[in-house]
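Below is a structure I'd like to ask you about.
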Amino acid sequence: YIILWRTSLGYKIRMVGFNRDAARYAGINVERIFIIVFFISGAFAGIAGFTEVNGMQHMLIEGFNPMIGAEGIGIAILGNAHPLGIVLSALLFGALKVGGNLVVQTSRIPASIIGIMEGFVMLSVILSYFIRDKLIVLRSKKKLVAQEEHRL
């Protein structure tokens, strides 16, 4: 968060992310920014892998969740890519997983219910973004119509 929002490097990264051509036109070396971002991402992935392997088992246990990256993307989207939002959405997903596992252990509900619950959460977030964008478009159209009527 600090690097991305409080430094000139973060500004360049956001600029390249929003519009690569405009960043290049502004004099930013886009390829260099890509290399820096990939290096930082790789470092974070290495740290995550290190903590996973060097955790309680001191080895990579069989059955490691290959969808953890997709869940991370969902958590980031749910948190609106803000650090506090990501922490809160990660807590929500963690609570869903733990609660879902408890429900599966204590009743005859299938384990797939956990993924279904996460899917409903993500679907509602995506729909809320879609509805918000549609409302913004409708409001701007109404405002334009009102301005045109006022001119006449």
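Every read-out reported here was derived from the displayed coordinates using simple, explicitly stated rules and does not represent laboratory data. Here the structure is a predicted model, which is why all the values come from computation and not from measurement. No Cβ is skipped: glycine too gets one built from the backbone with ideal geometry, and neighbour counts run over all protein chains shown.
If you wrap a convex hull around the C-alpha atoms of segment 32-152 and split its volume per residue, what is the figure in Å³?
Dividing the Cα hull volume of segment 32-152 by its residue count gives 169 Å³.
Right, something else. From the P(r) of segment 1-95, can you give the percent of Cα pairs sitting at distances over 22 Å? Don't skip to the answer; put the middle values down first.
Working: 2025 of 4465 pairs.
Considering segment 1-95, 45 percent of its Cα-Cα pairs are separated by more than 22 Å.
Separate question: In straight Cα distance, which lysines are under 26 Å from Lys142, not counting same-chain residues fewer than 8 positions off?
Answer for Lys142, where 26 Å is the Cα cut-off: Lys134, listed by chain and number.
Here is a follow-up. Calculate, axis by axis, the spread of Cα positions in segment 27-76 along the three principal axes, and write the results as whole Å, longest axis first.
Principal-axis extents of segment 27-76 (Cα, largest first): 48, 23, 14 Å.
Within a Cβ distance under 13 Å of Phe18, other residues only, what is the Lys/Arg minus Asp/Glu net charge?
After counting each charged neighbour, the total is +3.
Provide the per-residue ³J(HN,Hα) series for segment 133-139, in order, calculated from phi with Karplus coefficients 6.51, -1.76, 1.60 and θ = phi - 60°, each as a whole number of Hz, with x at glycine and proline positions.
Once rounded to whole Hz, the list reads 5, 5, 5, 5, 5, 5, 5.
From the phi of every residue in segment 108-115, what ³J(HN,Hα) in whole Hz does the Karplus formula 6.51 cos²θ - 1.76 cosθ + 1.60 yield, where θ is phi - 60° and glycine or proline is x?
9, 7, x, 5, 5, 4, 5, x
Here's a follow-up. Over the Cα atoms of segment 81-152, what radius of gyration and what Dmax do you get, in Å?
Radius of gyration, then largest Cα-Cα span, for segment 81-152: 20.6, 69 Å.
Here is a follow-up. Using a Förster distance of 41 angstrom, determine the FRET efficiency expected from the C-beta separation of Leu123 and Phe18, and round it to 0.05.
Efficiency, rounded to the nearest 0.05: 0.95.
Under a GNM of the chain (C-alpha, springs under 10 Å), which listed residue has the highest mean-square fluctuation: Met67, Met122, Met56?
Fluctuation is largest for Met56.
Next up: Residues with amide H under 5 Å of His82's amide H, sequence separation 5 or more or different chain, H placed in the peptide plane at 1.01 Å from N; which?
Counting only residues 5 or more places away or on other chains, the set is empty.
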